[in-house]
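Working notes, beginning with the structure itself.
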Amino acid sequence: MANPLFSILVAVYNTEKYLAHCLDSVAAQTFTDFEAVIIDDGSTDASGSITDGYAASDRRFCVYHTSNQGLLPARKLARDKARGQFLLHIDSDDFLESDLLEKVKAQFDEHGCDMVIYDFRTIDPQGVQRVETFFDQPVLFLPGNKHLLWNTLLLTRLNSLCIKCFSRDIAQIPLDYNRFRTFAHGEDLLQSAYLVSAARTVAYFNEPLYNYRTGIGMSRQFEPESLKKSSGALDVIFGLMAADGMDTPENILEFKCMCRKNMNNYLGMMVKAAGLRECLRLLKALPDTTVFKNAVLSECDARFTRRQNVKFAMLRAGMFLPVILMQKIKP
C-alpha cells in the first residue's frame, strides 16, 4: 500500500468530551489521501476506547496506546510513526475545517514550499468565535524576507504547531526530549522554532482552517522551576535564529521583550502562589538565567508600561523584596 500524502497527528489525553468531534473533522476531509496517527498518551477516561473505535471502522486511522509521557514525547512518537510526505498536528479537543487538506495541498503544489501556515478560529465556552489572522494577505517567505517570519514567531503569535503543515524533510526535530520532558508551557514555540529554522520557503495564506477551543483545559498552576525551563528553551530558540542568520537588531529586541513578558508572567503567578520567603528564594535563583538577563535590560522599556519598567529597574538593581511587594499591590 502506497504511503499517504498527508499524516494528521493527534496526541490524546483525557479529552473524551470533544474527541469524537475532533476525529470526525479528520475523517470528513475533502482530500482523502491521508492517514491519522493517534497517540493515546495514557488517558484515564474513555478517550482510548473512542480512538480504538475510529481505528476499527476506518483503516486510515491508527492508534498507539502509551503510558502518560506528556505532549512533547507524544508528538514525537506520532511523527516517528507517520508515513506521509506532509505532516500536521491537531489537538484532540479542537477540530479542522473539512477543506483544510485540499487547500493546503494547493499551496504546496503552487509554491513547492517546505511549510504552509494558515489562520485559526477561537471558540470560547459560550460559543463566541473570533478569527486570528497573522498577515493582511498571503505571503511567501524566502531567505530575503524570512526575518519577518521569525519576528512574528518571537511575538509569540505563531506559536501553535497546529496552524502549520510541513514536509517530513524538515520534521526531524533534533530536540533533547529528555531535557524538556517536563516542559509544560511553550512547547509549541520551541518545536515551531525548529521548523521555521529548517524551512527554506514558507507559504502563508489568511484563511481560518483550524478551530481552537479556549477555556476548557486545566487551569495553569504555578511551577517554581518553570522560568528556568523556559530559559533553557529560549536559549535553544535564540541559537536557532542566529544559525539561520535571522538575528537582526529587530529580532534581537523582540527576543529580549519576549523574555520580559515571560518574567512578568512568572512574577504574577509566583506572588499569588508562594509566600514572601519563598518568593525571595525563587527570585534570588534567577539572575543567571537567560530570561532574567534579557528581561531587566532597559532596551525593553519602550514596549512596557511605566510601572512595569520601574519594577524591572528594581530587579536590575537586585531590589527583590520591593519588587515582590509591588507585584502584590494591584495597580
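The values are calculated or read from the model by the stated rules, or taken from the named source; none is laboratory data. Given the structure is predicted, the values throughout are model-derived calculations rather than measurements. Cβ placement follows ideal geometry from the backbone for every residue including glycine, while neighbour counts extend to all protein chains displayed. Just the protein is used for accessible areas: all its heavy atoms, side chains included, with ligands, DNA and RNA removed. Shrake-Rupley method; radii C 1.70, N 1.55, O 1.52, S 1.80 Å.
In segment 82-101 there is at least one residue that is small (Gly, Ala, Ser) and touching a Lys or Arg at 6+ places or on another chain (Cβ under 9 Å). Checking segment 170-182 against the condition returns no match, with no residue being modelled with pLDDT of 90 or more, in contact with a Leu (Cβ under 9 Å, 6 or more places away or on another chain), open to solvent by 40 Å² or more (accessible area, probe 1.4 Å) and part of a loop (DSSP other than H, G, I, E, B).
Only one entry in ILE252, ILE237 is open to solvent by 30 Å² or more (accessible area, probe 1.4 Å) and either of a type outside the set (Lys, Arg) or at pLDDT below 90 (or both), namely ILE252.
Within segment 119-135, count every residue that is of a type in the set (Asp, Glu) and surrounded by 14 or more Cβ atoms within 10 Å (Cβ to Cβ).
2
For segment 101-113, state whether one or more residues are assigned to a loop (DSSP other than H, G, I, E, B), out of contact with any His (no Cβ under 8 Å at 6 or more places or on another chain) and farther than 26 Å from ILE216 by Cβ. The answer is yes; a qualifying residue exists. Listed by first and then second residue, the pairs linking a residue in segment 137-156 that is touching a residue at least 60 places away in the same chain (Cβ under 8 Å) and in a loop (DSSP other than H, G, I, E, B) to a residue that is among the hydroxyl-bearing types (Ser, Thr, Tyr) and surrounded by 14 or more Cβ atoms within 10 Å (Cβ to Cβ), with Cβ atoms under 7 Å apart and 6 or more places separating them unless they lie on different chains, are PRO138/TYR204.
Restricting segment 278-314 to residues that are aliphatic (A, V, I, L, M) and within 12 Å of CYS259 (Cβ to Cβ) leaves a set whose member that is surrounded by the most Cβ atoms within 10 Å (Cβ to Cβ) is ALA295. Only one of the listed residues (HIS89, HIS65) is open to solvent by 40 Å² or more (accessible area, probe 1.4 Å) and of a type outside the set (Phe, Trp, Tyr). That residue is HIS65. Being in contact (Cβ under 8 Å) with a residue 40 or more places away in the chain and open to solvent by less than 50 Å² (accessible area, probe 1.4 Å): is that true of VAL323 here? Answer is yes for this residue.
From the list SER67, SER49, the one residue that fits, being without any contact (Cβ under 8 Å) to a residue 12 or more places away in the chain and polar (S, T, N, Q), is SER49. Scanning segment 72-93 for residues that are in a helix (DSSP H, G or I) and either more than 20 Å from MET115 (Cβ to Cβ) or not aliphatic (A, V, I, L, M) (or both) yields a total of 8.
For segment 224-260, a residue qualifies if it is out of contact with any Phe, Trp or Tyr (no Cβ under 9 Å at 6 or more places or on another chain) and charged (D, E, K, R), and the qualifying residues are GLU225, LYS228, ASP235, GLU250, LYS256. Checked against the criterion of being modelled with pLDDT of 95 or more, more than 20 Å from ILE173 (Cβ to Cβ) and under 21 Å from the mean Cα position of the chain (by Cα), the candidates ASP24, ASP40 yield just one match: ASP40. Go through segment 71-81 and count every residue that is at pLDDT below 95, open to solvent by 10 Å² or more (accessible area, probe 1.4 Å) and farther than 25 Å from ALA203 by Cα. So the answer is 3. Among the numbered conditions (1) at pLDDT below 95; (2) open to solvent by 30 Å² or more (accessible area, probe 1.4 Å); (3) within 18 Å of the chain's Cα centre (by Cα), the only one that PRO224 does not meet is (3).
Yes/no matrix, rows are residues, columns are (1) open to solvent by less than 60 Å² (accessible area, probe 1.4 Å); (2) modelled with pLDDT under 95; (3) farther than 23 Å from ALA2 by Cβ:
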position	(1), (2), (3)
ARG83	no, no, no
PHE108	yes, no, no
ILE117	yes, no, yes
LEU161	yes, yes, yes
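Restricted to segment 22-49, and to residues there that are touching a strand residue (DSSP E or B) at 6+ places or on another chain (Cβ under 9 Å) and of a type in the set (Ser, Thr, Tyr), the residue that is farthest from SER7 (Cα to Cα) is SER43.
Among the candidates GLY232, GLY268, GLY275, the residue that is farther than 29 Å from LEU175 by Cα, among the small types (Gly, Ala, Ser), open to solvent by less than 80 Å² (accessible area, probe 1.4 Å) and touching a residue at least 40 places away in the same chain (Cβ under 8 Å) is uniquely GLY268.
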